[in-house]
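**Student:** Take a look at the following structure, please.
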Amino acid sequence: MTHQLTERPPVSEPTPVETVAVRFAGDSGDGMQLAGGQFTSAAAIRGNDFATFPDYPAEIRAPRGTTFGVSGFQVHFAAKPIHTPGDAIDVLVAMNPAAFKMNVGDVRQGGMIIADEDEFTKVNLKKAGYGPEESPLADEILGQRYRIITVPLSRMVREALSESGQGVKEIDRCRNMFALGLVCWMYDRPLEPTINWLQSYFGDKKNRPEVADMNVTALKTGWAFGETTEAIPQRYAVAAAELPSGRYRKISGNEALVLGLVVAGKKAGKQVSYCGYPITPASDLLHGLANLKRFGVQTFQAEDEIAAVASAIGVSYAGGIGVTGTSGPGLALKGEALGLAVMLELPIVVVDVQRAGPATGMPTKTEQTDLLQAFYGRSGEAPCIVLAASSPSDCFETAIEAVRLATRAMCPAILLSDASIANGAEPWMVPDVSAIPEIEIIHPEALSDSDEPFEPYLRNEETGARRWAIPGTPGLEHRVGGLEKQDITGDVSYDGPNHQKMLALRAEKIAKLANVIPPMEVGGDVGAETLVLGWGGTAGAILSAVERMRGDGVQLAYAHLRHLNPFPSNLGEILGRYKRVIIPEINSGQLRMLIRGMFLVDARGVNVIQGRGFHVDELVEGIQNAMGDKS
Amino acid sequence: MRAPDLPLPTYKPKDFTSDQDVRWCPGCGDYAVLASVRKALPKLGRRKEEFVFVSGIGCAARFPYYMETYGMHSIHGRAPAFATGIKLANPDLDVWLVSGDGDLLSIGGNHTMHVMRRNVGVRILLLNNRIYGLTKGQYSPTSERGKVTKSTPMGSIDEPVNPLALALAAECTFVARCIDIDAKTLTATMERAAAHPGCAFIEVYQDCNIFNHQAWFYASQKDARPNNTVDLVHGEPLIFGENRDKGVMIVNGRPRAVTIGEGGVTEEDILVFDETDRTLAFTLANMHCPDLPEPLGVLYCHPDRPAYEEASRTQIQDAQADGSADLQKLVDGPDTWMVGS
């Protein structure tokens, strides 16, 4: 049966709205990430602020129609600055019953659900765990709570592409573009950028112009359906946001790390060698850098996580910038070698894109649970520099900072990102690369036989770091190793007092970095009684919650940490100013434990560990509760 | 980073001797290997600062401390990975990896396999004493079945690994075997290894005189060696024996030890060694006493495969060839938009 579109009077001008959250949800093979990514680009072109939340299963192609195979992509876009992908969704596109089931709970009351009715068959309902006669599309309670729009989406795509000469399987792959076209119509987004992308990707890159054409047709059909259907009576417009003037691009955390590492290498005048082993959600670092050899970047896919960190240490020993990237389980494997790097006093950067653990945990879901591992996850006392990026774009500067600090202190730097900022995207005001300061690195020069013998563990008084002598330099031949070193000479030493001294020296040079990192800034009501303190990828959610509470008249100060080891030099003084310190974290209170232990501050936590970023609502509630805890 | 303009000094073994006291047990086979290495390095046409010695953990792994070169005593089993990183960052360095059978074949078996298959241009000296020495006498991955040690009071039930066969299976392009006290063969083999562009692997039969004394005496002692080993010379027949009257023949596809002059066997029947023949190398690697002589020298050499670090450097150079890399453009990305004026 052909679904007839009936003409209707033109829709009135789009109604302005300030913020919208749209989630595309379907099977992991339905192209939801692609649809979401294109919709994000459309938001960028319209000048909106935006934040995205790709949410996908670990299974590449889980059995079709099952709840564990559901993949989602949420786009939050706004006419004002926003900092999170949004708590509740305004529009859910559900490509099948499983997607409906897994996502309906996140739709705000009164929100819209666009469902492909053709997919709500008995078989698919059963796969999603509904009874055969229990279609949620016909559910009265749901119908009262949400505006459910049923669309014969599959039939219309098949109809529109019936002349394409392609099979149903190929045709059905274009369903995501129909959905995108329809949502673009609803929010008055231009189709051209997506059309251009389809033609360039499928047409030019994959050399399949017929696939590009099919997708374009599906996209336009979706838009046309919006124009003609009466089911959606209203269009909406989200105006450009007032962001600081400048040139912007869209960026995800992993993309920003890649760029930051490349720029850091250039600023240091050194080759970056990225040694990695594939692991979700950090593999994109390896992919991204492998494509940038033209910038002199070297990539090495090692045989395992241990070989990855070991080869990175080998690179740094030989005078390059050794970098490795991983997630929590990989960081655990790297622990012993990291201890060696601490002992050898060599600069490497270890990126940990945190995911839900322990063990394999939930590999595609986010968490902030590796903070203590970064601090302490090695044998003996082996301190490393620890930094955390606060947003997708912040990964760029944090990567450069990691290289700067590691090479200054001659010590490994662990950079913590997380799955939410690694895959999430936001607008980023592109920096002027030439304005980024150089990273100064000085290697000791060659010595001749008549000179005094080289002392590899002699330290720079200001930084506390030993000198970085590179193999190939005449006269500086020396041995390094995991056995305890004699101060200054670097000879093997089992002397007790020397060991204690060396432990202290290795910790002190990290502490000394506090002299060159910026002091922590406090925002909000600086003179309030309560400070909300965060670290890492939760910055946007915390800021949103604090701003909302302040809007409701609650006095709150807030601060966010990028530098965790060492902490900014003024942290203790700031903590002392507040009657209450509240620390929201996606863990059970790891920063809180450190703050309590180091500063004797009775900090309270807000802790939600559910594989996703904080919702602003729950943070507001958590902060309120924590404030009430102690008057 | 290499300074080709610097003249090459005339080195002596003592120029490669560090000021550290050697702390191996008196009588350990490692002393002989150390002496051979110090003797070989002056012949390699390299400046001292170009050498890097890398090791893992174990008795043999103390090696770098005793060499007046650059050196890294790393962690257990991972030396091949550290060495790979060093070569990636600076392919011009001459990197030597010295470690034991427990380090490279047990905890580090994975890395040993991969450094070989990638053909990273490092020279590996595997000091094989068939025992864990530093932890005081447990059986190792090369210990024979039935070996009674502290951890195997009723005898080992493990089948030992064959280092040469493993190296060949891992696509290693240079595979050799020497004996600790045979300085002549060892230094000659090291010279050949140093000239090899890719991964060079030398198994060294090394005596642990404390925990596994005499394990290799059947091959290393003057009276036993001629009858139990065969010295490999490319293009020459596999003849051995104190009277040079024994040889190795292939009979029904398998190697067999024969006596020349007996049963109609002539010198013409003896297998001629070809070091470029990987299948033959595998056959030789699997010859064990007492049935067959154990091969000594270079088993296999395939110098034509490019070294890994060179291939990596070439890719980067090729990618940079058109000079199109614009850092600002990279950071800008494919699509930017303006906000405000």
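The values are calculated or read from the model by the stated rules, or taken from the named source; none is laboratory data. None of the values given here were measured: they were computed from a predicted structure. For neighbour counting, all protein chains shown are included, and Cβ atoms are generated from backbone atoms with ideal geometry for every residue, glycine included.
**Student:** Do any helices (runs of 4 or more DSSP H) lying entirely in region A:82-184 carry at least 1 residues that are surrounded by fewer than 17 Cβ atoms within 10 Å (Cβ to Cβ), in the same structural domain as A:MET214 (by TED's automatic domain parsing) and without any contact (Cβ under 8 Å) to a residue 40 or more places away in the chain, and which ones are they?
**Tutor:** A:122-127, A:140-145, A:168-172
**Student:** I would also like to ask the following. Please work out which one of (1) of a type outside the set (Gly, Ala, Ser); (2) touching a Ser or Thr at 6+ places or on another chain (Cβ under 9 Å); (3) within 14 Å of chain B (Cβ to nearest Cβ); (4) assigned to a helix (DSSP H, G or I) is the condition A:ASN215 fails and give its number.
**Tutor:** So the condition that A:ASN215 fails would be (3).
**Student:** Among what's in region A:253-300 and is among the polar types (S, T, N, Q) and in contact with a Ser or Thr (Cβ under 8 Å, 6 or more places away or on another chain), pick the residue that is farthest from A:ARG355 (Cα to Cα). Explain how you work it out, then say what you get.
**Tutor:** Initially, region A:253-300 is screened for residues among the polar types (S, T, N, Q), giving A:254, A:271, A:273, A:280, A:283, A:291, A:298-299.
Going one step further and asking which of them are in contact with a Ser or Thr (Cβ under 8 Å, 6 or more places away or on another chain), we end up with A:254, A:273, A:280, A:298-299.
Numbers: A:ASN254: 14, A:SER273: 24, A:THR280: 8, A:GLN298: 26, A:THR299: 23 Å.
The qualifying residue farthest from A:ARG355 (Cα to Cα) is A:GLN298.
**Student:** Could you list, in sequence order, the residues of region A:403-447 that are part of a helix (DSSP H, G or I) and of a type in the set (A, V, I, L, M, F, W, C)?
**Tutor:** Within region A:403-447, A:VAL403, A:LEU405, A:ALA406, A:ALA409, A:ALA419, A:ILE421, A:ALA422, A:VAL433, A:ALA435 meet the criteria.
**Student:** Of (1) over 24 Å from the mean Cα position of the chain (by Cα); (2) within 14 Å of chain B (Cβ to nearest Cβ); (3) not in a helix (DSSP H, G or I), A:ASP204 satisfies all except one. Which?
**Tutor:** Tallying (1) over 24 Å from the mean Cα position of the chain (by Cα); (2) within 14 Å of chain B (Cβ to nearest Cβ); (3) not in a helix (DSSP H, G or I), A:ASP204 fails exactly one: (3).
**Student:** Right, another one. If you go through region B:286-297 one residue at a time, do you hit one that is away from chain A (no Cβ under 14 Å), touching a residue at least 60 places away in the same chain (Cβ under 8 Å) and hydrophobic (A, V, I, L, M, F, W, C)?
**Tutor:** yes
**Student:** Right, here's the next one. Does region A:467-489 hold any residues that are assigned to a strand (DSSP E or B) and surrounded by fewer than 17 Cβ atoms within 10 Å (Cβ to Cβ), and which are they?
**Tutor:** Filtering region A:467-489 down to residues assigned to a strand (DSSP E or B) leaves A:479-481, A:485, A:488.
A:ILE488 - this is the single residue of region A:467-489 that is assigned to a strand (DSSP E or B) and surrounded by fewer than 17 Cβ atoms within 10 Å (Cβ to Cβ).
**Student:** Oh, and also: Out of A:ALA511, A:ALA545, A:ALA528, A:ALA541, I need the residue that is outside the structural domain of A:THR84 (by TED's automatic domain parsing), in a helix (DSSP H, G or I) and surrounded by fewer than 22 Cβ atoms within 10 Å (Cβ to Cβ). Which one?
**Tutor:** Residue meeting the stated conditions: A:ALA511.
**Student:** Just checking, which of A:GLY611, A:GLY572, A:GLY576, A:GLY605 is at positive phi, modelled with pLDDT of 95 or more and of a type outside the set (A, V, I, L, M)? Give the steps one after another, and end with the answer.
**Tutor:** Details: A:GLY572 fails: at positive phi; A:GLY576 fails: at positive phi; A:GLY605 fails: at positive phi.
None of the others qualify; the one that does is A:GLY611.
**Student:** Continuing with this model, one more query. Look at region A:490-503 and say how many of its residues are in a helix (DSSP H, G or I) and of a type in the set (A, V, I, L, M).
**Tutor:** Matching residues across region A:490-503 total 2.
**Student:** Being farther than 20 Å from B:GLY85 by Cβ and within 13 Å of another protein chain (Cβ to nearest Cβ) is the filter here; which residues of region A:439-482 pass it?
**Tutor:** Of everything in region A:439-482, those that are farther than 20 Å from B:GLY85 by Cβ and within 13 Å of another protein chain (Cβ to nearest Cβ) turn out to be A:PRO444, A:GLU445, A:ALA446, A:LEU447, A:SER448, A:ASP449, A:PRO453, A:PHE454, A:GLU455, A:PRO474, A:GLY475.
**Student:** Which one of the conditions (1) over 30 Å from A:GLY296 (Cβ atoms); (2) more than 14 Å from chain B (Cβ to nearest Cβ) does A:SER245 fail to meet, given that it meets all the rest?
**Tutor:** Just one mismatch for A:SER245, condition (2).
**Student:** What's the number of the condition A:GLU230 fails, among (1) within 14 Å of chain B (Cβ to nearest Cβ); (2) assigned to a loop (DSSP other than H, G, I, E, B)?
**Tutor:** Among (1) within 14 Å of chain B (Cβ to nearest Cβ); (2) assigned to a loop (DSSP other than H, G, I, E, B), the lone unmet condition for A:GLU230 is (1).
**Student:** Here are A:GLY335, A:GLY325, A:GLY314, A:GLY296: which of them is without any contact (Cβ under 8 Å) to a residue 12 or more places away in the chain and not polar (S, T, N, Q)?
**Tutor:** None of the others qualify; the one that does is A:GLY314.
**Student:** Could you tell me which of the residues B:ARG23, B:ARG62 is out of contact with any Pro (no Cβ under 9 Å at 6 or more places or on another chain) and not in a helix (DSSP H, G or I)? Let's see the steps before the verdict.
**Tutor:** Values: B:ARG62 fails: not in a helix (DSSP H, G or I).
Only one candidate passes the filter, namely B:ARG23.
**Student:** Scan region A:553-580 for residues that are closer than 29 Å to A:PRO383 by Cα, part of a loop (DSSP other than H, G, I, E, B) and among the hydrophobic types (A, V, I, L, M, F, W, C) and jot them down.
**Tutor:** Correct list: A:PHE567 only.
Here's the yes/no breakdown for (1) surrounded by fewer than 24 Cβ atoms within 10 Å (Cβ to Cβ); (2) over 24 Å from B:LYS12 (Cβ atoms); (3) not β-branched (Val, Ile, Thr):
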site: B:ALA40; (1), (2), (3): yes, no, yes
site: B:LEU44; (1), (2), (3): yes, no, yes
site: B:LYS48; (1), (2), (3): yes, no, yes
site: B:GLY58; (1), (2), (3): no, yes, yes
site: B:PHE63; (1), (2), (3): no, no, yes
site: B:MET67; (1), (2), (3): no, no, yes
site: B:TYR70; (1), (2), (3): no, no, yes
site: B:SER74; (1), (2), (3): no, yes, yes
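**Student:** Which residue, of A:GLU227, A:GLU242, is over 30 Å from A:PRO392 (Cα atoms) and of a type in the set (D, E, K, R)? Write out each step before concluding.
**Tutor:** Values: A:GLU242 fails: over 30 Å from A:PRO392 (Cα atoms).
Selected residue: A:GLU227, the only one of A:GLU227, A:GLU242 that is over 30 Å from A:PRO392 (Cα atoms) and of a type in the set (D, E, K, R).
**Student:** Can you pull out the residues in region B:65-119 that are in a strand (DSSP E or B) and among the β-branched types (Val, Ile, Thr)?
**Tutor:** Within region B:65-119, the first condition is being in a strand (DSSP E or B), and the residues that meet it are B:67, B:70-73, B:94-100.
Once the filter is applied, which keeps residues that are in a strand (DSSP E or B) and among the β-branched types (Val, Ile, Thr), region B:65-119 yields B:VAL95, B:VAL98.
**Student:** Hey, another quick one. Among the residues of region B:120-135, write down those that are surrounded by 23 or more Cβ atoms within 10 Å (Cβ to Cβ) and either in a helix (DSSP H, G or I) or within 14 Å of chain A (Cβ to nearest Cβ) (or both).
**Tutor:** Within region B:120-135, B:VAL120, B:GLY121, B:VAL122 meet the criteria.
**Student:** In region A:32-63, which residue that is more than 14 Å from chain B (Cβ to nearest Cβ) and among the small types (Gly, Ala, Ser) is nearest to A:PRO392 (Cα to Cα)?
**Tutor:** The selected residue is A:ALA51.
**Student:** If you don't mind, there's one more thing I want to ask. Assuming A:SER448 fulfils every condition listed in (1) out of contact with any Lys or Arg (no Cβ under 9 Å at 6 or more places or on another chain); (2) in the same structural domain as A:ARG355 (by TED's automatic domain parsing) apart from one, which condition is it?
**Tutor:** Every listed condition holds for A:SER448 apart from (2).
**Student:** Among the residues in region A:250-264, are any part of a loop (DSSP other than H, G, I, E, B), modelled with pLDDT of 95 or more and either within 12 Å of another protein chain (Cβ to nearest Cβ) or within 21 Å of B:GLN315 (Cβ to Cβ) (or both)? Can you show your working first?
**Tutor:** Kept after step one, since they are part of a loop (DSSP other than H, G, I, E, B), are these residues of region A:250-264: none.
So far as region A:250-264 goes, no, none of its residues is part of a loop (DSSP other than H, G, I, E, B), modelled with pLDDT of 95 or more and either within 12 Å of another protein chain (Cβ to nearest Cβ) or within 21 Å of B:GLN315 (Cβ to Cβ) (or both).
**Student:** Right, something else. Could you please find all residues in region B:306-341 being more than 7 Å from every other protein chain (Cβ to nearest Cβ), within 30 Å of B:ILE86 (Cβ to Cβ), out of contact with any Pro (no Cβ under 8 Å at 6 or more places or on another chain) and assigned to a loop (DSSP other than H, G, I, E, B)?
**Tutor:** Answer for region B:306-341, where residues must be more than 7 Å from every other protein chain (Cβ to nearest Cβ), within 30 Å of B:ILE86 (Cβ to Cβ), out of contact with any Pro (no Cβ under 8 Å at 6 or more places or on another chain) and assigned to a loop (DSSP other than H, G, I, E, B): B:ALA321, B:ASP322, B:GLY323.
**Student:** Continuing with the same structure: Is it the case that region A:122-141 has a residue that's touching a Pro at 6+ places or on another chain (Cβ under 7 Å) and acidic (Asp, Glu)?
**Tutor:** Within region A:122-141 (the criterion being touching a Pro at 6+ places or on another chain (Cβ under 7 Å) and acidic (Asp, Glu)), the answer is no, since none of the residues qualifies.
**Student:** Taking the criterion of being part of a strand (DSSP E or B) and either touching a Ser or Thr at 6+ places or on another chain (Cβ under 8 Å) or in contact (Cβ under 8 Å) with a residue 12 or more places away in the chain (or both), would at least one residue in region B:142-153 satisfy it? Outline the logic, then answer.
**Tutor:** Step one: filter region B:142-153 for residues part of a strand (DSSP E or B), giving B:149, B:152.
Checking the rest, the ones that are also either touching a Ser or Thr at 6+ places or on another chain (Cβ under 8 Å) or in contact (Cβ under 8 Å) with a residue 12 or more places away in the chain (or both) come to B:149, B:152.
Within region B:142-153 (the criterion being part of a strand (DSSP E or B) and either touching a Ser or Thr at 6+ places or on another chain (Cβ under 8 Å) or in contact (Cβ under 8 Å) with a residue 12 or more places away in the chain (or both)), the answer is yes, since at least one residue qualifies.
**Student:** Checking A:PHE68 against (1) under 24 Å from A:ALA422 (Cβ atoms); (2) touching a residue at least 12 places away in the same chain (Cβ under 8 Å); (3) away from chain B (no Cβ under 14 Å), only one condition comes out false. Which one?
**Tutor:** Unmet condition: (2).
**Student:** On to the next question. Quick one: count up the residues across region A:6-58 that are at pLDDT below 80 and surrounded by fewer than 14 Cβ atoms within 10 Å (Cβ to Cβ).
**Tutor:** 6
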